[in-house]
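Student: Before I ask anything, let me first share the structure, which is written out below as structure tokens.
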Amino acid sequence: MAVYTHVSAETLSTFLARYDVGDLVSAKGIAEGVENSNYLVDTTRDRFILTLYEKRVAAGDLPYFMALLDHLAAKGLPVPPAIPDRTGTAIQQLEGRAACLIRFLTGVSVSHPTPEQARAAGAAMAQMHVALEDFTGDRPNSMGIAEWRPLLDRCGTSLDTIQPGLFARLDAALADVESAWPRHLPTGAIHADLFPDNVLMLGDRVTGLIDFYFAATDILAYDLAIMHSAWAFDGAGAPADAEIGKALYEGYESVRPLSTDERAALALLARGACIRFLLSRAWDWLNTPADALVTRKDPLAYLRRLEWYEQTA
Ligand SMILES: Nc1ncnc2c1ncn2[C@@H]1O[C@H](COP(=O)(O)OP(=O)(O)OP(=O)(O)O)[C@@H](O)[C@H]1O
Ligand SMILES: N[C@@H](CCO)C(=O)O
């Protein structure tokens with residue numbers, strides 16, 4: 001579930017009156033997602049997403065995310081910009097939270113992508129990187145490599161309750177990745193969380209890239225490596241059809257060819273991605289009660305992916 005903050009119909013009607021979007025017809029909480037509260041809002045004119053930002057999204061980062069979305073939307077990328085109200089304000093306050101009314105995009109996220117869908121999604125990521133070449137916004141990556149060791153230390157040996165020896169295993173894997181992490185590859189604004197659930201599709205066509213709330217300045221090829229780690233495996237972390245990973249890279253390179261150095265770094269960058277998602281999932285696992293309404297994501301699926309990149313790639 002992802003409705004942490006309840007918004008009554010009366011409050012929502014008053015809120016919508018700030019905008020030129022018609023009157024409220026219906027509002028439904030959206031179950032998917034774990035970070036923010038999302039509502040599907042229908043008015044007499046159109047359909048929207050209302051997002052209330054919960055604890056993980058810092059209100060101070062919203063102007064960066066919204067500028068990035070506006071930049072991409074202005075270049076024709078299928079991203080959902082926030083709608084400005086009658087005074088031109090897009091970032092609002094609602095029920096004590098920062099909140100935005102966002103354009104609704106059609107499409108569904110695929111749970112088991114085909115190679116053709118992976119190819120289209122890879123191309124969409126490359127289009128996004130190219131479109132952001134002249135984006136001047138900057139946000140240090142709050143989940144980037146510099147943050148992994150502090151997060152590992154915060155999890156500490158509690159990790160061993162998830163799997164015996166996990167802390168030492170990650171400590172060593174991280175030391176290897178830190179010592180080899182490339183410092184010379186092209187950087188720019190990256191999505192940093194382009195999992196299948198953040199890509200909306202109709203058939204083989206990408207109709208939406210959503211959930212930019214981890215976007216930051218980082219290595220472009222790292223974004224692709226994150227995507228590979230999320231798309232080329234099943235939910236338990238076992239490799240999916242090898243064609244999917246291949247199609248993802250081919251799709252990306254059909255728009256933005258990688259340099260030799262970028263290509264050579266992909267497996268290492270993917271090991272970093274595995275550590276990043278393993279740690280954030282492990283932190284949530286250790287700090288979310290088992291009976292909470294939010295579904296905890298399996299950290300060990302990312303240990304299996306890490307092993308695959310260490311052994312195979
Ligand atoms: N602009 C949009 N158009 C259509 N559907 C959307 C849009 N934004 C969000 N959704 C829907 O709402 C769901 C949750 O959105 P989102 O992934 O942004 O939430 P979240 O809480 O930030 O989730 P998480 O970080 O766990 O992926 C999506 O899976 C999608 O179904
Ligand atoms: N995509 C992340 C969660 C939210 O960003 C994961 O699967 O661990």
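The values are calculated or read from the model by the stated rules, or taken from the named source; none is laboratory data. Remember, predicted model here, so these are calculated numbers, not experimental data. Cβ: placed from backbone, ideal geometry, glycine included. Neighbour counts: every protein chain shown. Surface areas here come from the heavy atoms of the whole protein model, side chains and all, with no ligands, DNA or RNA. Shrake-Rupley method; radii C 1.70, N 1.55, O 1.52, S 1.80 Å.
Student: Filter the range 166-197 for residues that are touching a residue at least 60 places away in the same chain (Cβ under 8 Å), away from ligand 1 (no atom under 16 Å from the Cβ) and open to solvent by 60 Å² or more (accessible area, probe 1.4 Å) and give the result.
Tutor: Within the range 166-197, R169, D176, H184 qualify.
Student: Are there any pairs with C-beta distances below 9 angstrom linking a residue in the range 245-269 that is part of a loop (DSSP other than H, G, I, E, B) to a residue that is open to solvent by 30 Å² or more (accessible area, probe 1.4 Å), with the two at least 6 apart or on different chains, and if so which?
Tutor: S254/R119; V255/Q127; V255/V130; R256/Q127; R256/V130; L258/Y249; S259/P186
Student: Going through T51, T43, T5 one at a time, which residue ends up being surrounded by 13 or more Cβ atoms within 10 Å (Cβ to Cβ) and within 16 Å of ligand 2 (Cβ to nearest atom)?
Tutor: Among T51, T43, T5, only T51 is surrounded by 13 or more Cβ atoms within 10 Å (Cβ to Cβ) and within 16 Å of ligand 2 (Cβ to nearest atom).
Student: While we're looking at this one, here's another question. Select from the range 27-42 the residues that are of a type in the set (D, E, K, R) and near ligand 1 (Cβ under 9 Å from one of its atoms) and list them in ascending order.
Tutor: E32, E35
Student: Right, another one. The conditions are (1) among the hydrophobic types (A, V, I, L, M, F, W, C); (2) open to solvent by less than 50 Å² (accessible area, probe 1.4 Å); (3) more than 18 Å from the chain's Cα centre (by Cα), and A74 fails exactly one of them. Which is it?
Tutor: With respect to (1) among the hydrophobic types (A, V, I, L, M, F, W, C); (2) open to solvent by less than 50 Å² (accessible area, probe 1.4 Å); (3) more than 18 Å from the chain's Cα centre (by Cα), A74 is out only on (2).
Student: Filter the range 45-59 down to the residues that are touching a strand residue (DSSP E or B) at 6+ places or on another chain (Cβ under 6 Å) and more than 13 Å from ligand 1 (Cβ to nearest atom) and list them by number.
Tutor: Residue satisfying the conditions is A59 alone.
Student: Keeping to the range 1-44, report how many residues are outside any loop (DSSP other than H, G, I, E, B), touching a strand residue (DSSP E or B) at 6+ places or on another chain (Cβ under 8 Å) and not acidic (D, E).
Tutor: Of the residues in the range 1-44, 18 are outside any loop (DSSP other than H, G, I, E, B), touching a strand residue (DSSP E or B) at 6+ places or on another chain (Cβ under 8 Å) and not acidic (D, E).
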